[in-house]
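The values are calculated or read from the model by the stated rules, or taken from the named source; none is laboratory data. In this text, all values refer to a predicted model and were calculated from it rather than measured experimentally. A quick note on method: Cβ atoms are made from the backbone with ideal geometry, for glycine too, and the neighbour counts reach across all protein chains shown. Just the protein is used for accessible areas: all its heavy atoms, side chains included, with ligands, DNA and RNA removed. Shrake-Rupley method; radii C 1.70, N 1.55, O 1.52, S 1.80 Å.
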Amino acid sequence: MAELVHLGIIMDGNGRWAKKRNLPRAAGHLEGLKSLKKVIKGAIDEDIKYLTVYCFSTENWKRPEAEVKYLMALFTNKIYGEIKTISNLGVQIRLLGNRSGLPEAALKALDRTVEETKENNKLVLQLAINYGGYDEIIRAVNQLIKDGVSEVTVPLIRSKFDNPDIPPVDFIVRSAGEERLSNFLLFDSAYSELGFYDRLWPDWDEEMIKTVKQDFLKRDRRFGGLS
Ligand code: IPE
Ligand code: IPE
Ligand code: MG
């Protein structure tokens, strides 16, 4: 039977959620943070061990400066601001993505969050910020070249990822109806299951994670073999 150890989420639809209510896009992002808190609780209830959430892609810098600024401020202030709640839930925060390009203040707040939650072990929450699948693979391969490696293998490439101890993602789900990966977990998604849900991200909650888990348990993972 398939076991859902690592769930990845492409949190999409914050802008559409806000637009439907005639609110600025920022209001959608703020609401999205609230649903993330509910989803974290849902993941713990469902005994999921690793949760990776796509917060900001290497392509999201193309958005208007004000929106990028708002998102960076969320990562700087809000996430560290939730540290007590996060810690009380037993959540360990890890960062995934390219540090260069991120504002100093955001890095400082995120590093502090990582440091202060490192002993927690109920759920590992990987925040994908300034993350891109191409960037992840390229950084790993360039590091191997620097180390003098002349031939790469899958385990060697993986060993240079930001958190090589985290197992590959089992199920990638995306909110808001779009059916694409948008550069999320390109390498580790080789054999992950995919699920697409119409519900906009700010409308996700604990119950949605129950649904997601039930959907995953119906999948027949064959990894190229026979079931
Ligand atoms: C997801 O919501 C959040 C980020 C990508 C940062 P969007 O902002 O992409 O919302 P839509 O897709 O415009 O509705
Ligand atoms: C993907 O969503 C990135 C995140 C959820 C952080 P986008 O909204 O940026 O993706 P596209 O542009 O619709 O592919
Ligand atoms: Mg979007």
Loop GluC sites (Glu not before Pro), segment 155-212 (other Cβ atoms within 10 Å of the site Cβ: 15 or fewer; DSSP): 178, 179
Alpha carbon centroid spacing (whole Å) that separates segment 32-47 from segment 124-143: 23
Euclidean distance of C-alpha centroids, segment 205-227 and segment 5-22, integer Å: 21
Computed lengthening from residue 23 to residue 62, 0.36 nm per intervening residue step minus Cα-Cα distance: 11.9 nm
Signed unit charges on C-beta, dipole axis of the chain, positive-most listed residue 102, 187, 211: 102
Long-range HN-HN contacts of residue 52 with modeled amide H, under 5 Å: 7, 8, 9, 126
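Evaluate the charge dipole of the chain about its Cα centre and quote only its size in Debye, nearest 20, assuming +1 on the Cβ of each Lys and Arg and -1 on the Cβ of each Asp and Glu. Display every interim value, and only then the final one.
Details: 34 positive and 33 negative charges, 110 e Å.
Dipole of the chain, to the nearest 20 debye: 520 debye.
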If the convex hull is drawn through the Cα atoms of segment 87-134, its volume per residue in Å³: 68
Cβ-derived FRET efficiency at R0 41 Å, residue 145 paired with residue 85, nearest 0.05: 0.45
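With the full set of protein chains in place, find how many percent of the accessible area of segment 18-177 is carbon and sulfur; take the probe as 1.4 Å. The partial results should precede the final answer.
Values: 4360 of 8130 Å².
Percent of accessible area from carbon and sulfur atoms in segment 18-177: 54.
Which residues make up the longest stretch of the chain clear of chymotrypsin sites (Phe, Trp or Tyr not before Pro) that lie in a DSSP loop with no more than 13 other Cβ atoms within 10 Å, not counting the sites? Before the final figure, lay out the partial values.
Working: sites that count: 191, 223.
The answer is 1-190.
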Accessible area of residue 23 in the full protein assembly, 1.4 Å probe (Å², nearest 10): 80
Kirkwood-based Rg to Rh ratio, segment 1-153, C-alpha trace: 1.00
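Taking only C-alpha pairs under 8 Å that are 6+ residues apart, what is the relative contact order of segment 15-167 in percent?
Details: 182 pairs, mean separation 39.1, N = 153.
For segment 15-167, the relative contact order is 26 percent.
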Accessible surface of residue 108 - all protein chains present, 1.4 Å probe, nearest 10 Å²: 140
5 angstrom amide H check on residue 193, placed H, neighbours 5+ away: 171, 172
Residue-span extension gain [residue 137 to residue 3] - 0.36 nm each, minus C-alpha spacing: 45.6 nm
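Mind listing which GluC sites (Glu not before Pro) in segment 43-100 are in a DSSP loop and have 14 or fewer other Cβ atoms within 10 Å? Please report the intermediate quantities before stating the final value.
Working: sites: 46, 59, 65, 67, 82; in loops: 46, 59, 82.
Passing both the DSSP loop test and the Cβ count: 59.
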